[in-house]
Amino acid sequence: MQVIGLVGGVASGKSLVARQLVELGAGWLDADRAGHEVLEQEDVKEAIRARWGPGVFAPDGRVSRPAIGGLVFGPGSEAAEKRQFLEQLSHPRIGELLGRQATRLEEAGTQVLVLDAPLLVEAGWNEFCNKTIFVEAPRKVRLSRAKGRGWSEAEFSAREAAQQALDEKRRRADVIIDNSGSPESTREQVERFWRSLTG
C-alpha cells in the first residue's frame, strides 16, 4: 500500500485533488474530518474548557471551531502558544484515527491512500507518505477562494503564517500539480500522476 500526502497553501485545492484521486481508486484519509471527530471527544472538550472557558463552545455544547480559530491563528507569541496547546492535545488523537482508517482501508484491499492534512509536515505525518504532492495556486487565486468560504484576508494570512513556508513545501514535494486553472486541467495532471503510480 502506498500513501500519498498532499501539501500546499491555504485554499490551494488539496481537497479537490484528494477527491479526484479517490475517484480514480484511492482511499481518503481526511485529517480535517478526523479533527472534527477529536473535538467531539469528551476529554478533549474538558481540556479545552479548562484552558479557555465556556466562551469557545457553541450553544449546543460543541466546540466552536471559529472561536478556537480566532484564538490560535492570531498574531504574536500568545497565539502560537495557544496553537501549540491545541496541536499537542489534538494531533496524537487525529493520528490515531487516521491510523485506524488506514488499517481498515488496507484490510479492504485499497492499494493507494491519499492523506489530506492541512498540517501534514508540521504534524510529522509526511514521514508515513511514500510520495508528496504539492498543490500549487497563486496567492491571489487562493485568497479569492478563501473569501468565498467567508474568510477575511487577515484570517487567510494568519492561517498561512502558521504553516511551513510554501517554498519549502514545494521544494520537498515529489510532484507538483498546478490547480490555478479549471478542475478539468487539474484532473488531467492527477490522472497522469495516477498512471505513473499504478502503471
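The values are calculated or read from the model by the stated rules, or taken from the named source; none is laboratory data. Remember, predicted model here, so these are calculated numbers, not experimental data. All Cβ positions, glycine included, derive from the backbone under ideal geometry; neighbour counts span all protein chains shown.
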**Prompt:** Has the range 149-171 got at least one residue that is aromatic (Phe, Trp, Tyr) and more than 17 Å from the chain's Cα centre (by Cα)?
**Reply:** no
**Prompt:** Given the conditions (1) within 22 Å of THR186 (Cβ to Cβ); (2) surrounded by fewer than 17 Cβ atoms within 10 Å (Cβ to Cβ); (3) in contact with a helix residue (DSSP H, G or I) (Cβ under 9 Å, 6 or more places away or on another chain), which single one is not true for LYS140?
**Reply:** (3)
**Request:** Take the residues in the range 54-68 that are closer than 27 Å to GLN101 by Cβ and surrounded by fewer than 17 Cβ atoms within 10 Å (Cβ to Cβ), then tell me which one is nearest to the chain's Cα centre (by Cα).
**Result:** ARG65
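Residue-wise test of (1) hydroxyl-bearing (Ser, Thr, Tyr); (2) in contact with a strand residue (DSSP E or B) (Cβ under 8 Å, 6 or more places away or on another chain); (3) closer than 21 Å to GLU40 by Cα.
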site: PRO92; (1), (2), (3): no, no, yes
site: LEU97; (1), (2), (3): no, no, yes
site: GLU107; (1), (2), (3): no, no, no
site: GLU136; (1), (2), (3): no, yes, no
site: ALA146; (1), (2), (3): no, no, no
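Inside the range 5-48, can you point out the residues that are in a helix (DSSP H, G or I) and without any contact (Cβ under 8 Å) to a residue 40 or more places away in the chain?
To start, the set of residues in the range 5-48 that are in a helix (DSSP H, G or I) comprises 14-23, 31-38, 42-48.
Of everything in the range 5-48, those that are in a helix (DSSP H, G or I) and without any contact (Cβ under 8 Å) to a residue 40 or more places away in the chain turn out to be ARG19, GLU23, ARG33, HIS36, GLU42, ASP43, LYS45, GLU46.
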**Residue count for the range 146-186, restricted to those that are closer than 29 Å to GLU127 by Cβ, charged (D, E, K, R) and surrounded by 14 or more Cβ atoms within 10 Å (Cβ to Cβ)** = 5
**Message:** Being at pLDDT 95 or above, out of contact with any Pro (no Cβ under 9 Å at 6 or more places or on another chain) and of a type outside the set (Val, Ile, Thr) is the filter here; which residues of the range 13-24 pass it?
**Reply:** ALA18, ARG19, LEU21, GLU23, LEU24
**Request:** Kindly list, by first and then second residue, each pair from a residue in the range 183-199 that is among the hydrophobic types (A, V, I, L, M, F, W, C) to a residue that is assigned to a helix (DSSP H, G or I) and surrounded by 12 or more Cβ atoms within 10 Å (Cβ to Cβ), limited to pairs with Cβ atoms under 7 Å and residues at least 6 apart or on different chains.
**Result:** VAL190/VAL17; VAL190/GLN20; VAL190/LEU21; TRP194/LEU21
**Complete:** Only one of (1) acidic (Asp, Glu); (2) surrounded by 14 or more Cβ atoms within 10 Å (Cβ to Cβ); (3) over 24 Å from LEU6 (Cβ atoms) does not apply to ASP30, and that is (3)
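Would you mind stating whether ARG51 is without any contact (Cβ under 8 Å) to a residue 40 or more places away in the chain, out of contact with any Pro (no Cβ under 8 Å at 6 or more places or on another chain) and surrounded by 11 or more Cβ atoms within 10 Å (Cβ to Cβ)? Show your work before the answer.
Working: without any contact (Cβ under 8 Å) to a residue 40 or more places away in the chain: yes; out of contact with any Pro (no Cβ under 8 Å at 6 or more places or on another chain): yes; surrounded by 11 or more Cβ atoms within 10 Å (Cβ to Cβ): yes.
When the stated conditions are applied, ARG51 passes them.
Would you check which residues across the range 107-125 are outside any loop (DSSP other than H, G, I, E, B) and surrounded by 19 or more Cβ atoms within 10 Å (Cβ to Cβ) and list them? Don't jump to the end; show me each part of the working.
First, pick out the residues of the range 107-125 that are outside any loop (DSSP other than H, G, I, E, B): 107, 112-116, 125.
Across the range 107-125, the qualifying residues are VAL112, LEU113, VAL114, LEU115, ASP116, TRP125.
If you take the residues of the range 20-43 that are of a type outside the set (A, V, I, L, M, F, W, C) and under 26 Å from ALA161 (Cα atoms), which of them is nearest to the chain's Cα centre (by Cα)? Show your work before the answer.
Taking the range 20-43 as the starting set, the residues that turn out to be of a type outside the set (A, V, I, L, M, F, W, C) are 20, 23, 25, 27, 30, 32-33, 35-37, 40-43.
Among the residues that remain, those that are also under 26 Å from ALA161 (Cα atoms) are: 30, 32-33, 35-37.
Numbers: ASP30: 7, ASP32: 6, ARG33: 9, GLY35: 9, HIS36: 12, GLU37: 14 Å.
Filtering the range 20-43 for residues that are of a type outside the set (A, V, I, L, M, F, W, C) and under 26 Å from ALA161 (Cα atoms), the one nearest to the chain's Cα centre (by Cα) comes out as ASP32.
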**Request:** Say whether the condition of being touching a residue at least 24 places away in the same chain (Cβ under 8 Å), crowded, with 18+ Cβ neighbours inside 10 Å and assigned to a loop (DSSP other than H, G, I, E, B) is met by at least one residue in the range 74-87.
**Result:** no
